[in-house]
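Down below is the structure, laid out as structure tokens.
The values are calculated or read from the model by the stated rules, or taken from the named source; none is laboratory data. Quick caveat: nothing in here was measured; it's all calculated off a predicted structure. Don't worry about glycine lacking a Cβ; one is built from the backbone with ideal geometry, like all the others, and counts go over all protein chains shown. Each accessible area value is taken on the protein alone, full model and side chains, heavy atoms only, with ligands, DNA and RNA left out. Shrake-Rupley method; radii C 1.70, N 1.55, O 1.52, S 1.80 Å.
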Amino acid sequence: MVKASMVCYLKLLLLLALGGVTMHVPDADVLAPLGPGALRLHGHLSFHDVATVARDFGNRCSLLPAAVLHPGSVSDIAAAVQRVFQLGERSPLTVAARGHGHSLLGQSQTAGGIVVKMESLGGKARMQVHNGDGAATPYVDAPGGELWINVLHETLKHGLAPRSWTDYLHLTVGGTLSNAGVSGQAFRHGPQISNVNQLEIVTGRGDVVTCSPEENSDLFYGALGGLGQFGIITRARIALQPAPKMVRWIRVLYSDFTSFTEDQEALISAEKTFDYIEGFVTINRTGILNNWRTSFKPQDPVQASHFQSDGRVLYCLEMTKNFNDDEADIMEQEVGALLSRLRYIQSTLFHTDVTYLEFLDRVHSSELKLRAQGLWEVPHPWLNLLIPRSTIHKFASQVFGKILKDSNNGPILLYPVNRAKWDNRTSVVIPDEEIFYLVGFLSSAPSLSGHGSVEHAVNLNNKIIDFCEKANVGMKQYLAPYTTQQQWKAHFGARWETFERRKHMYDPLAILAPGQRIFPKASLPMSL
Ligand code: FAD
């Protein structure tokens, strides 16, 4: 059976070679330890579907694994990792957990190793919602491979929901917790990694460990934002809060960057404020307000119809206020009071009321439209930066309108968060200032050449990075696509020592998440 699969697999390799996919051909000796009887599994190991996991959302990197593990249980994952660990440093096999494969440059892939399809585990293990008795905070125990949209559906059945989100919910729990998970609620609740009470992890030795701030805390904090380096998250205990029914979703425009950022900062620092605060930049776009009209209502339709966006750099402040049906009047008053303190262009006030679910799942509607036009599965040369408050003006004045002459390649997010809501014991690296901005250049590259090409977007990204370095902006990359250990050391700075120590402790043979390109297998100094 396995022999036949391998023949199939080698044939497939040949086909893929002709198709031009970047790949790695493992020899039979490497695969032998995965043969019949080597692993007792509730799920299964497959060889015929390796091409399906040799890609990601970034669409710029393709590494062919030797096998795909479809785990039927946590012990399947532990058995596979343990087997690879037992093979020792001479075996080239590595293990990559794959959430929904929404990485940008091969981070959830492995050349010639084993990809663990975490979603298979999600389907089999059930989510458990705990309502919280009396003073206890409610939580959900979710499998690491579960999509956040499913976590939302399940918790809503109990009138509850997680507190902190990403903009897009078709990402997995383990995948976003390995990065940070940032969205417009982070100013108040911190990123998703600040809202986890406990994790279950399969380490790089194949041990299954439960960890929390009280128990095995070094592994707990290491894994949060840990880029999959210390273990595979098989379960996460996520804090919940009562879910509102409805959301007032508001957009306004600014032409002055200083007023825009001062208003954003005042809002994220206030006690009584909106529930979600983000922002984005548009450069030289035609008819922005007309585009909004498909989903939002203008406060003043006549004034709004006279507004011209062409040729300008504009800043959109986006906010929401949660409410239940019987609280609509109070919500109107609170929103009115908050808006009255802001300095946006009055004619650009738009709003709509949607359900909480519709709001949180908003990017999925765009996904469906883009898929229908064949524009979802194109390369995505994204650049995500964390910029300290003290240099955001210097950054904006050089980038918006100068390095970037338009924003036609995709949205440019820009919003501040409070550092106090991030836990500095986790692995994520952030700027060292009380307020810092997330700036995301979410480019799509549908063309092979010219303005819409990968080359063009990467060239602009490099200009932005070069500027940040030369002007000492103090920027840190989020979802960083570094390819050398030297780059990673510079990224981690003084925190590199802890990161390397944890790697040595929990994944000493550097088996896990090789696609992050931080530790080549068995490259760790043994004397740590
Ligand atoms: P994958 O891409 O499959 O994996 C990511 C990394 O984590 C890999 O190294 C993988 O090996 C590792 N990994 C996966 N599962 C586990 C696990 N269970 N245990 C340990 N390691 C694991 N991020 C934000 O913070 N905020 C946003 O608003 C946001 N919006 C996005 C919108 C879109 C359309 C997309 C495509 C991405 C967005 N992201 C956002 C980025 C997102 O956080 C990353 O793509 C992340 O990688 C999650 O994707 P995934 O679950 O598919 O994980």
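If you filter segment 447-466 down to residues that are outside any helix (DSSP H, G or I) and open to solvent by 80 Å² or more (accessible area, probe 1.4 Å), you find that the one that is nearest to residue 377 (Cα to Cα) is 448. If you go through segment 365-373 one residue at a time, do you hit one that is acidic (Asp, Glu) and away from the ligand (no atom under 16 Å from the Cβ)? Checking segment 365-373: not a single residue is acidic (Asp, Glu) and away from the ligand (no atom under 16 Å from the Cβ). Listed by first and then second residue, the pairs with beta-carbon distance under 6 Å, at least 6 apart or on different chains, first residue in segment 195-209 and without any contact (Cβ under 8 Å) to a residue 40 or more places away in the chain and over 20 Å from residue 176 (Cα atoms), second among the small types (Gly, Ala, Ser) and outside any strand (DSSP E or B), form an empty list. Condition check: over 23 Å from residue 197 (Cβ atoms) and of a type outside the set (S, T, N, Q). Does residue 50 satisfy that? It is true that residue 50 is over 23 Å from residue 197 (Cβ atoms) and of a type outside the set (S, T, N, Q). So, residue 303, is that one free of Cβ contacts under 8 Å to residues at least 40 places away in the same chain, over 29 Å from residue 476 (Cβ atoms), open to solvent by 10 Å² or more (accessible area, probe 1.4 Å) and not hydroxyl-bearing (Ser, Thr, Tyr) or not? When the stated conditions are applied, residue 303 does not pass them. Here residue 392 meets the list (1) open to solvent by less than 20 Å² (accessible area, probe 1.4 Å); (2) within 16 Å of the ligand (Cβ to nearest atom); (3) under 23 Å from residue 273 (Cβ atoms); (4) in contact with a Ser or Thr (Cβ under 7 Å, 6 or more places away or on another chain) almost entirely, failing just condition (2). Looking at this structure, is residue 493 at positive phi and either at pLDDT 95 or above or surrounded by fewer than 17 Cβ atoms within 10 Å (Cβ to Cβ) (or both)? Spelling it out, residue 493 is indeed at positive phi and either at pLDDT 95 or above or surrounded by fewer than 17 Cβ atoms within 10 Å (Cβ to Cβ) (or both).
All conditions in (1) open to solvent by less than 20 Å² (accessible area, probe 1.4 Å); (2) more than 22 Å from the chain's Cα centre (by Cα) hold for residue 232, with the sole exception of (2). Considering only residues that are more than 17 Å from residue 377 (Cβ to Cβ) and within 8 Å of the ligand (Cβ to nearest atom), which ones fall in segment 89-115? Selection gives 96, 97, 99, 107. Among the residues making up segment 467-501, those that are of a type in the set (Val, Ile, Thr) and assigned to a loop (DSSP other than H, G, I, E, B) are 473, 483, 484.
Restricting 177, 199, 253 to those that are more than 8 Å from the ligand (Cβ to nearest atom), open to solvent by less than 20 Å² (accessible area, probe 1.4 Å), within 27 Å of residue 120 (Cβ to Cβ) and among the aliphatic types (A, V, I, L, M) reduces the list to 199. From the list 16, 31, 12, the lone residue that is more than 16 Å from the ligand (Cβ to nearest atom), at pLDDT below 75, part of a helix (DSSP H, G or I) and in contact with a Ser or Thr (Cβ under 9 Å, 6 or more places away or on another chain) is 16.
Hey, among the residues in segment 467-521 that are among the aliphatic types (A, V, I, L, M) and over 26 Å from residue 56 (Cβ atoms), which one's nearest to the ligand (Cβ to nearest atom)? Applying the filter and picking the extreme gives 505. Are any residues in segment 153-170 within 12 Å of the ligand (Cβ to nearest atom) and surrounded by fewer than 24 Cβ atoms within 10 Å (Cβ to Cβ), and if so, which ones? Listed by number, the residues that qualify are 166, 167, 168, 169, 170.
Restrict the check to segment 273-289 and report whether at least one residue is assigned to a loop (DSSP other than H, G, I, E, B), at pLDDT below 95, open to solvent by less than 60 Å² (accessible area, probe 1.4 Å) and not charged (D, E, K, R). Among the residues of segment 273-289, at least one is assigned to a loop (DSSP other than H, G, I, E, B), at pLDDT below 95, open to solvent by less than 60 Å² (accessible area, probe 1.4 Å) and not charged (D, E, K, R), which makes the answer yes. Yes or no: residue 396 modelled with pLDDT of 95 or more, part of a helix (DSSP H, G or I), among the hydrophobic types (A, V, I, L, M, F, W, C) and touching a helix residue (DSSP H, G or I) at 6+ places or on another chain (Cβ under 9 Å)? Taking the combined requirement at face value, the residue satisfies it.
One residue alone among 128, 86 is closer than 29 Å to residue 242 by Cβ and surrounded by fewer than 17 Cβ atoms within 10 Å (Cβ to Cβ), and that residue is 128. Is there a residue in segment 425-446 that is without any contact (Cβ under 8 Å) to a residue 60 or more places away in the chain, assigned to a helix (DSSP H, G or I) and more than 14 Å from the ligand (Cβ to nearest atom)? No: segment 425-446 contains no residue that is without any contact (Cβ under 8 Å) to a residue 60 or more places away in the chain, assigned to a helix (DSSP H, G or I) and more than 14 Å from the ligand (Cβ to nearest atom). Looking at the structure I just gave you, is residue 79 away from the ligand (no atom under 13 Å from the Cβ), open to solvent by 20 Å² or more (accessible area, probe 1.4 Å) and in contact with a His (Cβ under 7 Å, 6 or more places away or on another chain)? Taking the combined requirement at face value, the residue does not satisfy it.
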